[in-house]
Amino acid sequence: MKKINVMVIFGGKSGEHEVSLMSVTSILKVMNPEKYNIMPVGITKEGIWKRYHGPIDKIVTGEWEALAEAGEVISLGKNNPDAIDVVFPVLHGPFGEDGTIQGLLEMINMPYVGAGVLASAVAMDKAITKKLCSVEDIPQAKYVEILNKSYDKNQDQYIEEIQAKLSYPVFVKPANLGSSVGISKAKDRMQLLGAIKVAFQYDRKIVVEEFINGREIECSVLGNDEAIASLPAEIIPSHEFYDYKDKYFDGTSSFQIPAELSEPVIAELRRLALKVYKLVDCSGLARVDFFVERETNKIYFNEINTMPGFTKISMYPKMWEVTGLPYEELIDRLIVLAIERFKERPQ
Ligand SMILES: Nc1ncnc2c1ncn2[C@@H]1O[C@H](COP(=O)(O)OP(=O)(O)O)[C@@H](O)[C@H]1O
Ligand SMILES: [Mg+2]
């Protein structure tokens, strides 16, 4: 069988650069060289693309940057001698998970792993996702969306609106980020003012939402138009909430995979995960995150990530593993899905 030429892109300009280095290390380690010719390409934090031929172990340390040949031509076109069959963008956050690189790959007619332009862009924006979900009555926390310019002019009005609609504590988040960056929990008016200021440092649009006293439950979805949902898993944060430090540095959060929940709750989570996936017109993969209220078991949708953390021990692959799909096969499946989606479209 002919080997598939895969360009694996990692790093990137977003704050989640390091997360990408971790994800890609796991991916490159298990991709079968009998099946794939792998061409790794790193993007530095400054946005410079570099082909990388060095050892996998030097990626996560950042040493790859100095080892990669600067200026080596990267040709993504389909009519060059070592034509790429499919691109696997292992990039998290803005400039990777948000439709930008997907748009570039569309422009040059290149199959790629993961969600398309629309789904990537919608899922990246928490405010747009919430609005879309409300149309289909997906249960979610009550929220208020604010634009920076408008807040500057009507600050008191917004604070009044938030206080009328939501009760403390509230969560304040930039609309277009991930990894808990810029997110804070505010317990009173003073803290709210500070939290809003912080969130606006990261985005011109923010959301303020009610606090859900819930367990953090996630579900993996895989597929194109006939996607399937995994068994859900639970994250038990070690901090007050699942913040950046907890996610990537302390590593003291614990995980329950699969989550201990009743059958009807599991079934409902899987149904809602697929519903949200379809709602944003996703393909390839996504992790759909929920809260399950402690007192009532009521489910609230939180967010959808179209390029979730992908190390061997990340939630997304782990959930598939307990559902019966091992890590290596998951990667094969994603590549097949990318090629299938490309072939299905009118040429
Ligand atoms: N409405 C909420 N109620 C309770 N906890 C929340 C709420 N929103 C966010 N959190 C906490 O903050 C974390 C990060 O928020 P999230 O919306 O998932 O942003 P990110 O895209 O950065 O992961 C969540 O994992 C959870 O611990
Ligand atoms: Mg999250």
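The values are calculated or read from the model by the stated rules, or taken from the named source; none is laboratory data. Owing to the predicted nature of the structure, the values given are computational and were not obtained by experimental measurement. Using ideal geometry, Cβ is built from the backbone for each residue, glycine included, and neighbour counts are taken over all protein chains shown. To get the accessible areas, we keep the full protein, side chains included, count just its heavy atoms, and leave off ligands, DNA and RNA. Shrake-Rupley method; radii C 1.70, N 1.55, O 1.52, S 1.80 Å.
Computed quantities for the displayed model
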read-out	value
Given charges at Cβ of Lys, Arg, Asp, Glu: the range 137-211 dipole, positive-most of Ile159, Ser184, Ile146	Ser184
Rounded to whole Hz, the Karplus (6.51, -1.76, 1.60) HN-Hα couplings of the range 207-214, x for glycine and proline	10, 10, 9, 5, 6, 10, 7, x
Percent of Cα-Cα distances greater than 16 Å, calculated over the range 143-210	36
Accessible-area composition of the chain, carbon plus sulfur, in percent [1.4 Å probe]	53
Rounded accessible area per residue of the range 1-42, 1.4 Å, Å²	39
5 angstrom amide H check on Ser253, placed H, neighbours 5+ away	Ser238
C-alpha center-to-center spacing [the range 312-347, the range 13-65] in angstrom	19
Antiparallel content of DSSP bridges confined to the chain, in %, to 5	75
Solvent accessible area, Å² - His53, 1.4 Å probe, full protein context	100
Area of Glu293 that stays accessible when all protein chains are in place (1.4 Å probe, Å², to 10)	40
Accessible-area ranking of Ser314, Ser238, largest first, probe 1.4 Å	Ser238, Ser314
Spherically averaged projected area in nm², based on the convex hull that wraps the Cα atoms of the chain	18.4
Listed residues Tyr36, Gly93, Gly223: farthest to the positive end of the dipole of the chain (Cβ charges)	Gly93
Size of charge dipole - the chain - debye, nearest 20, with Cβ of Lys, Arg +1 and Asp, Glu -1, no other charges	440
Accessible area expressed per residue, the range 143-210, with surrounding protein chains retained (probe 1.4 Å, Å²)	50
